[in-house]
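A short worksheet on the structure shown next.
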Amino acid sequence: FNYSAGSYIGDLRKEKPHISKSILVFSIAINLVALGYYKYFSFLAGEFLTAFDIAIDKPISIALPIGISFFTFTQIAYLVDVYRGVARESRPANYMLFVSYFPHLIAGPILHHKEMMPQFSDINKAIVNRERIADGAGIFLIGLAKKLLIADPLGFYANKFFSGVSAGAPPAFIESLTGSLAYTLQLYFDFSGYSDMAVGVSLIFGIVLPINFNSPYRSMNIIEFWRRWHMTLSRFLRDYLYIALGGNRKGNFQRYTNLLLTMLLGGIWHGAGWTFIAWGALHGVYLIINHGWRFATDRLQVPPKIHSLLSPAYFVVTFTAVLIAWIPFRAASLGDAWIVIKGIFGGNGVALPTQIASLIPNLPKWV
């Protein structure tokens, strides 16, 4: 369907632009309907039944096709690029290879036709290259080590922590902080590990995939964080949502509205649930605050030396904000997320975990 739609869009783009645009809109709608049905129908149906207090014997469950978010966004980007005149594919087999290229399907990165097809067409890629194989295998093993040696052990602790919260055990300060930090690090090493494995496997075949992570937790602000975290998603959200909504062309208020809408849609893309919407909303608010701060400091002409002196504070604030936002992203419900956030700010007490406290004699009662 998308290949045929792309062909019509490309053929009619110059001679009949209105028809071409109508086909584009219709094609994107079909892709989003398919994505919405498989990924969000169960959630929306459940919310509807809950709102009207309707009981059913069997919960609504729809099997989710593997990688549907990634190959849907990849094809939407292709259709838009064809409409813009920067991409075109005349061979169905090549288009199928582009969409179904296996290393990136599960966890990205999100690919662009103009980046991949010249590489697929390069006959030199078919020549066995030992250095390329060695480099690709090395990158793959680094990603595998991130996943198995760091992410999985951290995930074991993070899963136990959030399961305990869901079971009704409000965590105190240290438990909340360590549990949230464990998930924050687990998610990075897991996701970047998968991306490294995709890059490594592709390099073995002579295909260079775009880098997806660039030390995001070293960021000094949220704008920088989104330039370093899941970089191909950030690029997609910027090029196909934020700019399409108007970007920053219509004043600051519209710019901030577009930022919030873009991040809300980014949250919804990650999963069906209010927790993902909350995560997107938090990052939207963060970006608005960050842009507002930049605007204010530019107007006040704050010298670079002051920013340099404040860089440790910028880092701490940014990392803390990111950690707080990951809590609803991981929590089973908004209620669980709020309990953990309260714990981080001392709302559930500051007691040491029982396992640690039992090892230290003569502790004061408040500890």
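Kindly indicate the residue of the range 276-304 that is small (Gly, Ala, Ser) and surrounded by 13 or more Cβ atoms within 10 Å (Cβ to Cβ) and also nearest to THR257 (Cα to Cα) among those meeting that condition. The extreme case among them is GLY284.
Residues checked against (1) part of a helix (DSSP H, G or I); (2) of a type in the set (Asp, Glu); (3) touching a helix residue (DSSP H, G or I) at 6+ places or on another chain (Cβ under 6 Å):
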residue: GLY6; (1), (2), (3): yes, no, yes
residue: ILE9; (1), (2), (3): yes, no, yes
residue: LYS14; (1), (2), (3): no, no, no
residue: SER22; (1), (2), (3): yes, no, no
residue: ILE30; (1), (2), (3): yes, no, no
residue: LEU35; (1), (2), (3): yes, no, yes
residue: PHE43; (1), (2), (3): yes, no, no
residue: GLY46; (1), (2), (3): yes, no, no
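Per-residue answers, yes or no, for (1) hydrophobic (A, V, I, L, M, F, W, C); (2) modelled with pLDDT of 95 or more; (3) more than 21 Å from LEU185 (Cα to Cα); (4) touching a Cys at 6+ places or on another chain (Cβ under 8 Å):
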site	(1), (2), (3), (4)
ALA278	yes, yes, no, no
TRP326	yes, yes, no, no
ALA332	yes, no, no, no
PRO361	no, no, yes, no
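Figure legend. Inter-residue proximity from the range 114-142: first residues closer than 18 Å to TYR194 by Cβ, second residues aliphatic (A, V, I, L, M) and part of a loop (DSSP other than H, G, I, E, B), beta-carbon distance below 9 Å, spacing 6+ or different chains. No pairs are indicated. Number of residues in the range 298-346 that are more than 24 Å from THR275 (Cα to Cα) and among the small types (Gly, Ala, Ser): the value is 3. Restricting to the range 170-214, name every residue that is farther than 26 Å from TYR157 by Cα and either among the acidic types (Asp, Glu) or out of contact with any helix residue (DSSP H, G or I) (no Cβ under 6 Å at 6 or more places or on another chain) (or both). Answer for the range 170-214, where residues must be farther than 26 Å from TYR157 by Cα and either among the acidic types (Asp, Glu) or out of contact with any helix residue (DSSP H, G or I) (no Cβ under 6 Å at 6 or more places or on another chain) (or both): PHE205, VAL208, ILE211.
Counting only residues that are open to solvent by less than 40 Å² (accessible area, probe 1.4 Å), at pLDDT below 90 and either of a type in the set (Ser, Thr, Tyr) or touching a strand residue (DSSP E or B) at 6+ places or on another chain (Cβ under 7 Å) (or both), the range 10-56 holds 2 of them.
In the range 216-230, the qualifying residues are those that are open to solvent by 60 Å² or more (accessible area, probe 1.4 Å) and in a helix (DSSP H, G or I), and the one that is nearest to LEU111 (Cα to Cα) is ARG227. From the list ILE54, ILE60, ILE76, the one residue that fits, being in contact (Cβ under 8 Å) with a residue 24 or more places away in the chain and β-branched (Val, Ile, Thr), is ILE76.
The values are calculated or read from the model by the stated rules, or taken from the named source; none is laboratory data. No experiment lies behind these values; they were computed from the predicted model shown. Please note: Cβ atoms are built from the backbone with ideal geometry, for glycine as well, and neighbour counts cover all protein chains shown. The accessibility values were calculated without ligands, DNA or RNA, using every heavy atom of the protein model including side chains. Shrake-Rupley method; radii C 1.70, N 1.55, O 1.52, S 1.80 Å.
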